[in-house]
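As structure tokens, the structure follows; a few thoughts come after it.
The values are calculated or read from the model by the stated rules, or taken from the named source; none is laboratory data. Just so you know, these numbers come straight off a predicted model, no measurement behind them. Cβ placement follows ideal geometry from the backbone for every residue including glycine, while neighbour counts extend to all protein chains displayed.
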């Protein structure tokens, strides 16, 4: 399997500095980052490590869910996955940490009932490589079929 690469160029202090994250392998883009906007409710056009993790998690989970549905004899038609990644204080060690990830998925699936889909959704959460990498973070799942 290939290795993927991203790069960040940072200038200045944490509070006054800023940087640019480059998706080097895909050349899909370069995105601004800054700590004040990372910690603010309004990101103001910049991204953050948490948003990038959310993006990675939704893409990985969507792929894993398609595989889990097929393994159970279903046919995935469409699904939409959202990840809400929360940054908060690290009470034990100081600084910050990811305090939770909420995955929400709504799917259209042929050939599986609610119970079969729920099983596939949970298995996808457990087997997605990004979920495995983030095992120290509390990951919750809200999964439902749409008619």
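Residues in segment 15-39 that are closer than 20 Å to residue 86 by Cβ and loosely packed, with under 15 Cβ neighbours inside 10 Å: 36, 39. For segment 22-45, residues that are touching a helix residue (DSSP H, G or I) at 6+ places or on another chain (Cβ under 7 Å) and either at pLDDT 95 or above or at positive phi (or both) total 1.
Checking each residue in segment 51-96 for being in a strand (DSSP E or B) and surrounded by fewer than 19 Cβ atoms within 10 Å (Cβ to Cβ) picks out 75, 77, 78, 80, 82, 84, 86, 87, 88, 89, 96. Taken over segment 1-16, the criterion of being in a loop (DSSP other than H, G, I, E, B) and at pLDDT 95 or above is satisfied by 3, 4, 5, 6, 12, 13. Please verify whether residue 79 is touching a residue at least 40 places away in the same chain (Cβ under 8 Å) and within 21 Å of residue 134 (Cβ to Cβ), treating the condition exactly as stated. It is false that residue 79 is touching a residue at least 40 places away in the same chain (Cβ under 8 Å) and within 21 Å of residue 134 (Cβ to Cβ). Return yes or no: is residue 71 farther than 30 Å from residue 35 by Cα, at pLDDT 95 or above and touching a strand residue (DSSP E or B) at 6+ places or on another chain (Cβ under 8 Å)? Taking the combined requirement at face value, the residue does not satisfy it.
The condition of being loosely packed, with under 14 Cβ neighbours inside 10 Å, at pLDDT 95 or above, within 23 Å of residue 133 (Cβ to Cβ) and in contact with a strand residue (DSSP E or B) (Cβ under 9 Å, 6 or more places away or on another chain) does not hold for residue 110.
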